[in-house]
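Enquirer: Sharing a structure, written as structure tokens. Questions coming.
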Amino acid sequence: MAYSNKVIDHYENPRNVGAFAKDDPTVATGMVGAPACGDVMKLQIKVNEQGIIEDAKFKTYGCGSAIASSSLVTEWVKGKSLDEAAQIKNTDIAQELALPPVKIHCSILAEDAIKAAIADYKQRHGS
Amino acid sequence: MNYYQLFQLPAQFDVDLTELGTRYLALQKQFHPDNFASASERDRLLAVQQAANINDGYHSLKQPLLRAEHLLALRGVKISAEQRSFTDTVFLLQQMELRELLAEIADAPDPDTLIDDAERQIRLQKKQLLATLSAALGHDTHEQDLAAADIIRKLKFFFKLEQELEFIAQQTQD
């Protein structure tokens, strides 16, 4: 199976790899995994007082499509409000990266990761 | 298809693998194409189909995870094709740490010690999860079946870790 150029680009030059300080109150974390392929994805967002995502970081253990999906999502969420970021659909990710049907679950994982991070933020900040 | 029925074994998680092997060979012999050389086209096709079922069933019952999935499917809990993300944060954080541990092995001065350590950790946790899985499936209640499904999902991550470790061990030997 051939990867699209966009997947290869994100895989070879992943954006925003890493982690924020755990005790930073403006940081929220989403952890998700895919049992079928054993992929593990961590996505963190840093939210400012206006409720805008200022920065995002990720760490993914998985295939090229999973890494590319999470890398792309960290780029997309920057500058978005939490509600806007929650609107990101896996189909948008899959379309942008031209993922083949067998790799759609990677984009689902990335959507679930950002949703989990937003839920974590809302839970911590009681909104 | 109920593979337990096919092999005439009790529908439970713990399976006598010797018995399974014996019945597999007997069934294979019974449905061997040679026995149907002069049979009608329809019977020949049925025999081919049955031989395929026997092979699939043998592989499903031999491997603990596939067997557990098959048993759960028979009880109405289907997880083999699910695409739902797993969200147990504590478990996933631990997986992340184990993955990080594996990633460090390649650059370590003494990879063999680290590989042994990782292998031991993974094997121990897998063993514990398999014991819990066996206990949960033994209850045969819907609630415990759902718990078993969750244990299977966790075990899949450990099987993936094992594969990764094997790959790393091979690479460090080159």
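Enquirer: May I ask you to list the lysines whose Cα is less than 25 Å away from that of B:Lys29, ignoring any residue fewer than eight positions away on the same chain?
Expert: Cα-Cα hits under 25 Å: B:Lys62.
Enquirer: Just the number, please: Stokes-Einstein D of the protein assembly as shown in µm²/s, Kirkwood Rh from C-alpha pairs, 37 °C, 0.692 mPa s.
Expert: 150
Enquirer: State, as an integer percentage, the relative contact order of chain B based on alpha-carbon contacts under 8 Å between residues 6 or more apart.
Expert: 23
Enquirer: What are the ³J(HN,Hα) couplings of the stretch B:124-133, residue after residue, when phi is run through the Karplus curve with 6.51, -1.76, 1.60 and θ = phi - 60°? Round to Hz, x for glycine and proline.
Expert: 4, 5, 5, 4, 5, 5, 5, 5, 5, 4
Enquirer: Could you identify which residue out of A:Ser69, A:Ser107, A:Ser81 has the top mean-square fluctuation in a GNM of chain A using Cα springs shorter than 10 Å?
Expert: Largest GNM mean-square fluctuation: A:Ser81.
Enquirer: Further, regarding this structure: Could you compute the FRET efficiency for A:Glu12 and A:Glu54, with r as their C-beta to C-beta distance and R0 at 22 Å, rounded to 0.05?
Expert: 0.25
Enquirer: Sticking with this one: For A:Lys42, go through the aspartates and glutamates and keep the ones whose alpha-carbon is under 15 Å away, minus same-chain ones fewer than eight residues off.
Expert: Once the sequence-local aspartates and glutamates are set aside, what remains near A:Lys42 is A:Asp55, A:Glu75, A:Glu111, A:Asp112, A:Asp120, B:Asp88, B:Glu97, B:Glu100.
Enquirer: In peptide A:99-111, how many Cβ atoms from other protein chains are near each Cβ within 10 Å, on average?
Expert: Whole-number average of other-chain Cβ neighbours for A:99-111 is 1.
Enquirer: Here is a further query. For chain B, set up a GNM with springs between Cα atoms under 10 Å and report which of B:Glu82, B:Glu162, B:Glu69 has the largest fluctuation.
Expert: Maximum fluctuation in the GNM of chain B, among the listed residues, is at B:Glu82.
Enquirer: Taking H as built 1.01 Å from N, whose amide H comes closer than 5 Å to the amide H of A:Val17, not counting residues under 5 places away?
Expert: Amide H neighbours of A:Val17, under 5 Å, 5+ apart: A:Phe58.
Enquirer: Let me ask another. Quick one: of A:Lys57/A:Lys115; A:Lys6/A:Lys122; A:Lys103/B:Lys126, which pairs are farther than 24 Å apart, Cα to Cα?
Expert: Violating the 24 Å limit, Cα to Cα: A:Lys6/A:Lys122; A:Lys103/B:Lys126.
Enquirer: Only bridges whose two residues both fall in chain A count here: according to DSSP, what percent of them are antiparallel, nearest 5?
Expert: 95
A short reminder: the numbers here are calculations on the coordinates, not readings from a lab. Here the structure is a predicted model, which means the values were calculated and not measured. Don't worry about glycine lacking a Cβ; one is built from the backbone with ideal geometry, like all the others, and counts go over all protein chains shown.
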